[in-house]
1. Name the residue that is farthest from Pro60 (Cα to Cα), counting only residues in region 104-115 that are open to solvent by less than 10 Å² (accessible area, probe 1.4 Å) and part of a loop (DSSP other than H, G, I, E, B).
2. Go through region 170-207 and give me each residue that's among the small types (Gly, Ala, Ser) and more than 15 Å from Leu107 (Cβ to Cβ).
3. Taking region 191-207 as the region of interest, how many residues are open to solvent by less than 40 Å² (accessible area, probe 1.4 Å) and in contact (Cβ under 8 Å) with a residue 60 or more places away in the chain?
4. Name the single residue that is surrounded by the most Cβ atoms within 10 Å (Cβ to Cβ) among those in region 48-103 being aromatic (Phe, Trp, Tyr) and in a loop (DSSP other than H, G, I, E, B).
5. Which of the residues that make up region 1-47 are open to solvent by 40 Å² or more (accessible area, probe 1.4 Å), in contact with a Phe, Trp or Tyr (Cβ under 8 Å, 6 or more places away or on another chain) and closer than 22 Å to Ala159 by Cα?
6. Restricting attention to region 191-207, which residues are in contact with a strand residue (DSSP E or B) (Cβ under 8 Å, 6 or more places away or on another chain), farther than 23 Å from Leu101 by Cα and charged (D, E, K, R)?
7. Kindly indicate whether any position in region 18-36 is under 17 Å from Val118 (Cβ atoms), part of a helix (DSSP H, G or I), modelled with pLDDT of 95 or more and not aliphatic (A, V, I, L, M).
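The values are calculated or read from the model by the stated rules, or taken from the named source; none is laboratory data. Keep in mind the model is a prediction, meaning the values are calculated, not measured. Positions of Cβ are backbone-derived with ideal geometry, glycine not excepted, and every protein chain shown enters the neighbour counts. Quick note on the areas: whole protein, heavy atoms, side chains included, nothing else; ligands and nucleic acids left out. Shrake-Rupley method; radii C 1.70, N 1.55, O 1.52, S 1.80 Å.
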Amino acid sequence: MEADPRRAAHNDEIVETELARHWLDDGERLLLGCPPVRAHVGALVGGRRHVPYAPARDLPAVRGDRPRWPLPVENLPAEDWTDDPTLGYWATADHADQIALRIADHLAASHGEARVVVTDRRIAVVYPTAVLAGAASGEVVDAPVFTTFEERDVEHLTALDAPFLGHSIPPRPVIAFHFTDGSQLYTRDVHAVLKVRRARDRAHAHR
């Protein structure tokens, strides 16, 4: 994950430009494009803590070896997950088929390549097509730059917030996604407050 604010701002510009150029449909407006976060995922599923979280279902294979990231702290309370720098995401759900956990599956299995995108029409997990193991090598005419999974109507997202979590000083900014099924997904982002405010402004601007 990018902790330097200036570099994070530069990365945000790149993410927004690439999604606008290669992923958005005609007339679709980008609200929030998260950068890839190269860190572990933690989860609380049915009250049981999973750190690092490992998906139980089959997911798209990603090229290359699994990163050798440091492991998270053992037995860290769930509410303190942001105090462990090896954790980039946290999901809470009652069961494995809820939206936040299905998205977390991709974030945990993608070697840090998957990212969450929200528009005025949909929310989805997006991979650069080139990182997928099934992608053809070399340049392919008209091949999509991005491949989409877990796409849902944006109405499944009930709220987007930017809380400060953990007991570190200062506390860590995160983007919080709240879904209609009661599940939540949190992602670290040094510019969380700015991005959530921008997403809300964009959503309201065309109502």
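1. Here is the first cut: in region 104-115, the ones open to solvent by less than 10 Å² (accessible area, probe 1.4 Å) are 104-107, 110, 112, 114.
Those still in the list that are part of a loop (DSSP other than H, G, I, E, B) too: 110, 112, 114.
Working: Ser110: 8, Gly112: 13, Ala114: 10 Å.
For region 104-115, the residue satisfying everything is Gly112.
2. Correct list: Gly182, Ala192, Ala199, Ala203, Ala205.
3. Within region 191-207, residues that are open to solvent by less than 40 Å² (accessible area, probe 1.4 Å) and in contact (Cβ under 8 Å) with a residue 60 or more places away in the chain number 4.
4. My answer is Tyr53.
5. The one that is open to solvent by 40 Å² or more (accessible area, probe 1.4 Å), in contact with a Phe, Trp or Tyr (Cβ under 8 Å, 6 or more places away or on another chain) and closer than 22 Å to Ala159 by Cα: Leu44.
6. Answer for region 191-207, where residues must be in contact with a strand residue (DSSP E or B) (Cβ under 8 Å, 6 or more places away or on another chain), farther than 23 Å from Leu101 by Cα and charged (D, E, K, R): Arg198, Arg200, Arg202.
7. Within region 18-36, the subset under 17 Å from Val118 (Cβ atoms) is 18-20, 22-25, 27-36.
Within this subset, residues satisfying the condition of being part of a helix (DSSP H, G or I) are 18-20, 22.
Those still in the list that are modelled with pLDDT of 95 or more too: 18-20, 22.
Going one step further and asking which of them are not aliphatic (A, V, I, L, M), we end up with 18, 22.
Yes - at least one qualifying residue is present in region 18-36.
One line per residue, one yes/no per condition, for (1) open to solvent by 30 Å² or more (accessible area, probe 1.4 Å); (2) touching a strand residue (DSSP E or B) at 6+ places or on another chain (Cβ under 8 Å); (3) in contact (Cβ under 8 Å) with a residue 24 or more places away in the chain:
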{"position": "Thr148", "(1), (2), (3)": "yes, yes, yes"}
{"position": "Arg152", "(1), (2), (3)": "yes, yes, yes"}
{"position": "Ala159", "(1), (2), (3)": "yes, yes, no"}
{"position": "Leu165", "(1), (2), (3)": "yes, yes, yes"}
{"position": "Pro170", "(1), (2), (3)": "yes, yes, no"}
{"position": "His178", "(1), (2), (3)": "yes, yes, no"}
{"position": "Asp189", "(1), (2), (3)": "no, yes, yes"}
